[in-house]
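Structure, as structure tokens:
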Amino acid sequence: MAVETIETGISGFDSVVGGVPKGHTLLLAGPVGSYTELFGLEFLYRGALNNEKAIYVTFERKEEDLIAMASVFDWGLKAAIDGGALVVMSIELFNYDKFLSSFEDTIFSQKATRIVIDSISYLGGFFDASFKYRAALGELRRMLNRHDCTAMLISESRGEELSPYGVEEFLADGIIHLHAIKKGGQVVHAISVPEMAGMKVKPQLYPLELTKKGIKVRKLPLVL
């Protein structure tokens, strides 16, 4: 049975990859400077323009930080936030259970279908044992599944490691990997999709660039 997919709305990505599986939880991994936050924001913003409700959960940034970050694009991000189509939850994490309950209440009240969490790498530092963190991620994933949310969990990758704790990728239904490759004194940005639930994907690198309209993924594979 073919998996139901949705378009991210990110230029080039959907034609290259075929969208993302609806109602699944994905790992959005990348090192510093690879545009993971912008990719997540655009995924939400494009959904909001299509009358989908979206939530951006951040543990380290404020709403105004995200608006400033997106100012490189000709978007109406502030209007989408002010109009309630995109909700920013800026969280000071003291109690995980209370956070999860509040988060689920917001998803329910907003009828949100697109979610980004920035970042689960930060979330991992809240727990004193890896098994507790893994259990918390499993609980988070089950909650997102209950509400049929399509979610991207941002992970700060290092080198060949997709996540700092080594458990996140095993609980995700798919992986989107953003790259910032140093080449000839410059940084080349690219994207790959190693796996995606129910979809046939090619684990190739595709060039990625920023335009005034947003992120653009080139259709021809990157040659290094």
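The values are calculated or read from the model by the stated rules, or taken from the named source; none is laboratory data. These figures come from a predicted structure and were not determined experimentally. Cβ atoms come from the backbone with ideal geometry, glycine included; neighbour counts cover every protein chain shown.
Quick one: in the range 162-207, of everything that is of a type in the set (A, V, I, L, M) and in contact with a Phe, Trp or Tyr (Cβ under 7 Å, 6 or more places away or on another chain), which residue is surrounded by the most Cβ atoms within 10 Å (Cβ to Cβ)?
If we take residues in the range 162-207 being of a type in the set (A, V, I, L, M) and in contact with a Phe, Trp or Tyr (Cβ under 7 Å, 6 or more places away or on another chain), then I191 is surrounded by the most Cβ atoms within 10 Å (Cβ to Cβ).
In this structure, does M69 turn out to be closer than 29 Å to R158 by Cα and in contact with a Lys or Arg (Cβ under 9 Å, 6 or more places away or on another chain)?
In short, yes.
Being more than 27 Å from M199 (Cα to Cα) and polar (S, T, N, Q) narrows it down to one of S102, S155, S119, so name that one.
S102
Among what's in the range 133-160 and is hydrophobic (A, V, I, L, M, F, W, C) and within 14 Å of the chain's Cα centre (by Cα), pick the residue that is surrounded by the most Cβ atoms within 10 Å (Cβ to Cβ).
A151
Pairs only if they're at least six apart or on different chains, beta carbon under 7 angstrom, first in the range 194-208 and among the charged types (D, E, K, R), second not in a loop (DSSP other than H, G, I, E, B); list them, first residue then second.
Taking only residues 6 or more apart or on different chains, the pairs are E195/G174; E195/I175.
Yes or no: E52 touching a Lys or Arg at 6+ places or on another chain (Cβ under 6 Å) and either at pLDDT 95 or above or crowded, with 20+ Cβ neighbours inside 10 Å (or both)?
Yes.
Which one is surrounded by the fewest Cβ atoms within 10 Å (Cβ to Cβ), of the residues in the range 83-92 that are over 16 Å from N51 (Cβ atoms) and not hydroxyl-bearing (S, T, Y)?
For the range 83-92, the residue satisfying everything is E92.
Within the range 183-193, how many residues turn out to be out of contact with any helix residue (DSSP H, G or I) (no Cβ under 8 Å at 6 or more places or on another chain) and in contact (Cβ under 8 Å) with a residue 40 or more places away in the chain?
Total meeting the criteria: 3.
So if I check each of S163, S130, which one is farther than 12 Å from L26 by Cα and within 17 Å of the chain's Cα centre (by Cα)?
S163
Give the number of residues within the range 18-34 that are surrounded by fewer than 23 Cβ atoms within 10 Å (Cβ to Cβ) and either without any contact (Cβ under 8 Å) to a residue 60 or more places away in the chain or over 16 Å from I120 (Cα atoms) (or both).
6
Suppose we keep only residues that are among the acidic types (D, E) and modelled with pLDDT of 95 or more within the range 119-157. Which one would you say is farthest from E52 (Cα to Cα)?
In this case the residue turns out to be E139.
Of the numbered conditions (1) part of a loop (DSSP other than H, G, I, E, B); (2) at pLDDT 90 or above, V187 satisfies every one except a single condition; which is it?
So V187 meets the others, but not (1).
Identify all residues within the range 11-43 that are under 21 Å from S157 (Cβ atoms) and touching a Lys or Arg at 6+ places or on another chain (Cβ under 7 Å); write none if there are none.
Within the range 11-43, V16, T25, P31, F43 meet the criteria.
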